[in-house]
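The values are calculated or read from the model by the stated rules, or taken from the named source; none is laboratory data. Computed from a predicted model, the values in this text were never measured in an experiment. Positions of Cβ are generated from backbone atoms using ideal geometry, with glycine treated the same way; all protein chains shown enter the neighbour counts. Just the protein is used for accessible areas: all its heavy atoms, side chains included, with ligands, DNA and RNA removed. Shrake-Rupley method; radii C 1.70, N 1.55, O 1.52, S 1.80 Å.
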Amino acid sequence: QTGMFTYDPGFLSTASCQSSITFIDGEKGRLLYRGYPIEQLATQCDFLDVCYLLLKGELPNVGQRDEFHKLVISHTMVHEQMQFFMRGFRRDAHPMAVLTGLIGALSAFYHDSTDIHNAEHREIAAIRLISKLPTLVAMAYKYGVGQPYMYPRNDLSYAGNFLRMMFGVPSADYQVNPVIERAMDRIFILHADHEQNASTSTVRLCGSSGTNPFAAIAAGVACLWGPAHGGANEACLNMLENIQANGGIAKVGEFMEQVKDKNSGVKLMGFGHRVYKNYDPRAKLMQETCNEVLAELGLEKDPLFALAKQVEKIALEDDYFVQRKLYPNVDFYSGIVQRAIGIPVKLFTGIFTLARTVGWIAQLNEMISDPEYKIGRPRQLYVGAPERKVTPIGER
Ligand code: SDX
């Protein structure tokens with residue numbers, strides 16, 4: 001019994017740590033950040049409120065909110081030298097390769113926030129990362145499309161500033177669409193933290209060696225890139241586009257048979273979850289956001305959205321998926337809404353990275369501030385060769 005939650009002994013043996021940041025009830029499909037249900041945070045707060053909550057444990061009051069916001073917007077620029085670092089990449093480099101490099105390189109630019117055991121350093125690193133991730137993600141995008149970088153604007157909201165750095169150009173004014181701005185902010189909130197997932201566990205393990213915060217976050221970026229994890233939204237959209245290109249809704253049944261054939265190796269991307277054995281609450285909120293954005297952009301008839309809803313409907317009525325408790329996860333609709341906003345598929349996991357960075361930082365801080373913590377050192381079950389003698393090469 002911990003607080004309001006009780007765990008069965010079996011569960012405790014699998015727990016890698018204890019944490020007070022995020023709670024997931026996989027059976028009921030519930031997600032809470034610091035005790036607040038994701039449904040309330042996603043509809044009543046903005047992403048910077050949620051960053052404050054994840055980092056400090058409480059939602060900000062008016063004064064705290066203003067102070068935090070001012071702190072974040074005063075660090076949105078990156079060192080000009082970053083542009084030269086960027087030039088080392090090919091224009092067609094995957095944005096996640098670029099971001100892994102850029103974020104790891106941040107420790108080379110900031111020496112006042114590299115000591116992970118110094119709370120002040122961690123605080124500065126947190127602000128720098130939260131502030132600069134939108135700028136770095138937008139730079140990675142602009143570099144790929146060969147457009148000039150757009151410098152951050154401090155008179156815009158966090159999400160509005162990001163949208164302008166992404167889609168604005170020096171030769172024209174960029175008007176932030178409030179519906180898209182709200183949707184972008186909500187996408188950040190829905191991806192902000194998620195307990196001990198693969199990338200968060202990577203960040204904790206990496207940070208436990210005492211490395212600098214930027215390096216630990218860069219390790220998380222590399223892990224999140226995987227298609228079974230943060231790369232699933234990119235994989236899911238590619239899957240839907242392939243179905244669309246090969247017959248669309250009429251071909252969904254055939255595709256589902258492929259998925260159910262174990263030998264095909266085909267997975268229904270955006271479905272299933274290691275923890276949720278019910279609907280991922282983020283998927284419902286993401287579908288609503290998708291509806292709002294498509295309606296705002298006059299894309300209600302988006303064939304991919306219709307296809308996704310048909311795939312979901314078929315899967316939720318099919319025994320294979322019902323018996324295995326496979327439901328849509330956060331990635332199922334996030335690709336469709338990001339594509340509608342104009343974000344290229346290759347950058348979807350970059351958006352996930354931008355949002356999840358605050359969760360990684362909060363989890364890292366929680367671990368490092370625990371006086372009992374030690375460097376992570378998982379053990380193994382050795383099943384290799386018994387001890388034996390080396391024989392001279394002529395006798396092998
Ligand atoms: C994220 O951990 C997190 O919190 C991650 C995340 C976060 O916010 O950090 O939530 C973000 O990573 C979401 C997940 C994104 N990945 C995908 O959408 C990729 C597709 N999903 C699968 O790869 C899969 O569902 C996993 C990896 C997510 C989970 O795989 P598991 O642990 O095998 O799932 P399971 O044990 O519940 O599987 C039960 C059965 C198995 O078949 P059987 O051996 O029982 O016959 O269902 C099958 C699985 O093979 N299965 C699927 C499937 N997912 C599981 N079959 C087809 N399509 C799928 N998507």
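Which is farther than 24 Å from residue 108 by Cβ, out of contact with any strand residue (DSSP E or B) (no Cβ under 9 Å at 6 or more places or on another chain) and buried (at least 19 other Cβ atoms within 10 Å of the Cβ), of 168, 207, 220, 226?
Only one candidate qualifies: 168.
Being assigned to a loop (DSSP other than H, G, I, E, B) and surrounded by fewer than 19 Cβ atoms within 10 Å (Cβ to Cβ) is the filter here, so list the residues in the range 34-59 that pass it.
35, 57, 58, 59 - these are the residues of the range 34-59 that are assigned to a loop (DSSP other than H, G, I, E, B) and surrounded by fewer than 19 Cβ atoms within 10 Å (Cβ to Cβ).
Taking the range 298-318, which residues are within 12 Å of the ligand (Cβ to nearest atom) and more than 26 Å from the chain's Cα centre (by Cα)?
318
Results for (1) at pLDDT below 95; (2) outside any helix (DSSP H, G or I); (3) within 24 Å of residue 199 (Cα to Cα), shown as yes or no for each residue.
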{"residue": "77", "(1), (2), (3)": "no, yes, no"}
{"residue": "85", "(1), (2), (3)": "yes, no, no"}
{"residue": "92", "(1), (2), (3)": "no, yes, no"}
{"residue": "98", "(1), (2), (3)": "no, no, yes"}
{"residue": "102", "(1), (2), (3)": "no, no, yes"}
{"residue": "107", "(1), (2), (3)": "yes, no, yes"}
{"residue": "112", "(1), (2), (3)": "yes, no, no"}
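Is there a residue being among the hydroxyl-bearing types (Ser, Thr, Tyr), open to solvent by less than 30 Å² (accessible area, probe 1.4 Å) and within 16 Å of the ligand (Cβ to nearest atom) anywhere in the range 248-265?
no
Could you list, in sequence order, the residues of the range 238-267 that are aliphatic (A, V, I, L, M) and either over 18 Å from residue 336 (Cβ atoms) or over 20 Å from the mean Cα position of the chain (by Cα) (or both)?
240, 243, 245, 249, 250, 252, 256, 259, 266
Go through (1) more than 16 Å from the ligand (Cβ to nearest atom); (2) touching a Pro at 6+ places or on another chain (Cβ under 9 Å) and name the single condition residue 292 misses.
(2)
Give the range 332-351 a look and list any residue that's open to solvent by less than 10 Å² (accessible area, probe 1.4 Å) and either closer than 23 Å to residue 281 by Cα or assigned to a loop (DSSP other than H, G, I, E, B) (or both), or say none.
Listed by number, the residues that qualify are 332, 333, 334, 335, 336, 337, 338, 343, 348, 349, 350, 351.
Looking only at residues that are closer than 14 Å to residue 201 by Cβ and touching a Gly at 6+ places or on another chain (Cβ under 9 Å) in the range 223-232, which one is farthest from the ligand (Cβ to nearest atom)?
Applying the filter and picking the extreme gives 223.
Those residues that are in contact (Cβ under 8 Å) with a residue 60 or more places away in the chain, within 16 Å of the ligand (Cβ to nearest atom) and in a helix (DSSP H, G or I), I need them from the range 175-218; list them, please.
186, 187, 188, 189, 190, 199, 200, 201, 203, 204, 205, 217
Please specify each residue of the range 145-165 satisfying the condition of being within 23 Å of residue 91 (Cβ to Cβ), open to solvent by less than 40 Å² (accessible area, probe 1.4 Å) and out of contact with any Leu (no Cβ under 8 Å at 6 or more places or on another chain).
Taking the range 145-165 as the starting set, the residues that turn out to be within 23 Å of residue 91 (Cβ to Cβ) are 145-152, 162-165.
With open to solvent by less than 40 Å² (accessible area, probe 1.4 Å) added as a condition, the list becomes 150, 152, 162-165.
150, 152, 163, 165 - these are the residues of the range 145-165 that are within 23 Å of residue 91 (Cβ to Cβ), open to solvent by less than 40 Å² (accessible area, probe 1.4 Å) and out of contact with any Leu (no Cβ under 8 Å at 6 or more places or on another chain).
Going by the conditions given, is residue 235 over 13 Å from the mean Cα position of the chain (by Cα), surrounded by fewer than 24 Cβ atoms within 10 Å (Cβ to Cβ), within 13 Å of the ligand (Cβ to nearest atom) and more than 19 Å from residue 373 (Cα to Cα)? Let's see the steps before the verdict.
Details: over 13 Å from the mean Cα position of the chain (by Cα): yes; surrounded by fewer than 24 Cβ atoms within 10 Å (Cβ to Cβ): yes; within 13 Å of the ligand (Cβ to nearest atom): yes; more than 19 Å from residue 373 (Cα to Cα): yes.
So residue 235 passes the test.
To keep it simple, each residue is scored yes or no on (1) more than 14 Å from residue 183 (Cβ to Cβ); (2) away from the ligand (no atom under 15 Å from the Cβ); (3) open to solvent by 10 Å² or more (accessible area, probe 1.4 Å).
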site: 240; (1), (2), (3): yes, no, no
site: 244; (1), (2), (3): yes, yes, yes
site: 296; (1), (2), (3): no, yes, yes
site: 325; (1), (2), (3): yes, no, yes
